[in-house]
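Some notes on the structure that comes next.
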Amino acid sequence: MKPQAVTAARRGLLACHVCMLVSHPGRELDHVCCPRCGAALHVRKPDSIARTWAFLSAAIILYIPANVLPMTDVRTLFGNTEDTIMSGVVYLWTSGSWPLAVIVFVASIMVPMLKIMALVFLLVSVQMRSVWQPVQRTRLYRLIELVGRWSMLDIFVIAFLVALVQLRALATIKAGPAAACFGAVVVLTMCATLSFDPRLIWDPVEDDHG
Ligand SMILES: [Zn+2]
């Protein structure tokens, strides 16, 4: 016998986001608290789409200064050099440390851009109540969630570069204004990912089935 699919929402059940306890809230669906841990319960994350758009638009706006403003400010006896993320990548590539160049390019330019594009795609598809490839879209969401944890890689690369240059003592290296913007982009895309409710992908599919 095939297991029958039943959604908690259709059965009038709510799952706690904190302790995962499933409970029956009764008739009243506003301001329900988890009977075990007291956390607020919701059928879906509140204002998921609006909040995700808000975090995402802020991330898109800050992505521009993160790439245009200098990321590192290197001062040596011979003068100052300021590098943006891209010029840093080019510098690393031409100076022979191409593995580092690839890491910085993937972590700081490609991953945040793909992440923003994927979230925009998920939001638009959910808003259009699309029933197209829900499994693939759920997988995409899981991938974005997984990648989020590694996005701070670039900050580590800067820390690593700073340590490397400071060792030579003749140069000082500082993080430029783009570093703060970049950190904000990473945090904002993480917040956007968290406020997106992947169950919204499945709601139109469930409605279609009756
Ligand atoms: Zn709970």
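Every number here is computed from the coordinates shown, using simple stated rules; none is lab data. All of these numbers come straight from a predicted model, not from anything done at the bench. Every residue, glycine among them, receives a Cβ derived from its backbone with ideal geometry; neighbour counts consider all protein chains shown.
Observations on the structure shown:
- Comparing region 47-202 with the 2.2 N^0.38 Å rule of thumb, its C-alpha radius of gyration ratio is 1.20 (two decimals).
- Hull-based mean projected area of region 19-135, where the convex hull spans the alpha carbons, in square nanometres: 12.7
- Comparing mean-square fluctuations of Asp83, Asp30, Asp197 from a GNM of the chain with C-alpha springs under 10 Å, the top value falls on Asp30.
- Neighbour-count ranking [beta-carbon atoms within 10 angstrom, fewest first] of Ser57, Ser195: Ser57, Ser195
- Contour excess over end-to-end distance, with Cα ends at Ala39 and Val135 and 0.36 nm allotted per residue: 31.6 nm
- Net lengthening on full extension, Val205/His31 (0.36 nm per residue, minus Cα-Cα): 59.9 nm
- Sparse packing (at most 11 other Cβ atoms within 10 Å of the Cβ) combined with a DSSP loop state is found for the following trypsin sites (Lys or Arg not before Pro) in region 9-71: Arg10, Arg11, Arg27.
- Placing pseudo-labels 7 Å out from each Cα toward the beta carbon at Leu143 and Ile64 gives an inter-label distance of 2.8 nm.
- Stokes-Einstein D (µm²/s) once Rh is taken as the Kirkwood radius of region 1-43 over alpha-carbon pairs, at 4 °C in 1.567 mPa s: 118
- Here the spin labels are modelled as points 7 Å beyond Cα on the Cα-Cβ line, and at Gln4 and Trp93 they lie 5.9 nm apart.
- Listed peptides 94-106, 60-72 appear in the order 60-72, 94-106 once ranked by packing, highest mean of other Cβ atoms within 10 Å at the front.
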